[in-house]
Amino acid sequence: MEQTQLRTYGVRRVYEATPGEGDTIALRLRDRVIELGTRENDAYGKLVEWLPTNRKVAELTAAAGMDEARLGRLASALADAGLLYRRADLPAEVTGKQFYDEHFAPALDSWLSEAFAHPYWERMMTGKGSARLYTGWAMELYHYTKNANRHMPLSCAHTRDKAIKLLRAKHYAEEWNHYHYFATSLRALGFTDADIESSVPLPMTLALSNFMRQAAREDILAYSICSAVLEGTTVNRKTYNPYHEKVTELYGIPKAAVQPIYDHLDLDIQYQHSNLFLDIVSTVDSLSAARAARVLEYGHQLVEHIWMWTDSIEKYYGNDGSPVPRRPFDPFLD
């Protein structure tokens with residue numbers, strides 16, 4: 001590969017780009033918003049596109065309309081601002097506590113914003129949704145929670161560290177039967193026990209569960225960061241009350257269908273499940289940079305799975321012709 005100082009930089013994730021004040025573009029990172037002029041933003045975009053490739057620097061200078069020296073000064077300024085990072089500054093390893101404080105915790109709010117940026121949520125909160133969509137969400141949440149029995153035991157079995165195994169086993173003991181809360185909610189929505197027990201989840205609900213199984217097999221920290229993202233919405237009632245209050249107001253959802261969900265979330269707070277990931281990583285003396293990056297990648301992939309899961313719920317249950325609940329395969333009918 002051609003030697004150039006520009007190759008010493010990496011790119012930080014931009015979650016959103018919107019018009020800023022005047023002739024600028026506002027780029028939202030996980031922890032800040034940075035405004036660039038249109039010319040600088042264009043050159044930045046060309047640099048971001050070029051960095052992961054093997055293309056020669058001459059192609060970059062031609063595309064950006066800047067010579068290499070000027071691009072180098074721009075890259076340095078972008079790194080100081082936070083849009084790029086210097087690879088030489090990456091530590092070879094971090095402690096588990098450092099990983100949590102410096103990498104996971106600062107990213108979590110942005111991740112959750114991304115996970116719940118699907119139009120479904122705005123649709124439901126503005127009266128453009130339906131009781132049917134809420135019912136579908138509750139049905140798939142029942143299946144996902146029940147499917148915890150497919151991946152939580154696996155996470156315990158694949159954990160070699162005794163301290164982490166005990167923490168994971170305790171979490172499983174506290175969670176394994178929580179799908180009953182959602183079954184209670186579904187009964188309040190008019191479904192019988194036979195309806196609920198014979199229903200089958202959407203393929204994307206199974207995909208989310210299978211992703212957790214994959215994480216459990218590969219690295220217990222990868223599994224635990226995914227679990228932490230899912231628990232991240234249960235810390236404060238302000239994060240979930242508005243949704244449930246709106247659906248009861250807008251779509252006539254009975255309060256008896258909402259109360260079991262409140263009860264479940266309150267129990268998670270009582271168990272302090274949102275602190276579990278910190279407890280787990282605090283037992284880890286050292287993570288290599290490569291392992292830390294892989295664990296973070298799992299966390300962000302979980303975010304993408306949540307978005308796609310929401311999308312599949314909206315598409316299936318938003319179609320009035322889709323059976324609710326979904327029926328199992330029947331060789332005589334199908």
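The values are calculated or read from the model by the stated rules, or taken from the named source; none is laboratory data. No experiment lies behind these values; they were computed from the predicted model shown. Heads up, the Cβs are rebuilt from the backbone with ideal geometry, glycines too, and the neighbour counts pull from every protein chain shown.
Per the conditions (1) closer than 24 Å to residue 25 by Cα; (2) more than 26 Å from the chain's Cα centre (by Cα); (3) at pLDDT below 95, the sole criterion not satisfied by residue 52 is (2).
Filtered by the rule that a residue be crowded, with 17+ Cβ neighbours inside 10 Å and under 17 Å from residue 175 (Cβ atoms), region 243-270 gives 260, 261, 264, 265, 268.
When we screen 223, 251, 298 for residues that are touching a Lys or Arg at 6+ places or on another chain (Cβ under 9 Å), in contact (Cβ under 8 Å) with a residue 12 or more places away in the chain, among the hydroxyl-bearing types (Ser, Thr, Tyr) and within 25 Å of residue 176 (Cα to Cα), the only hit is 223.
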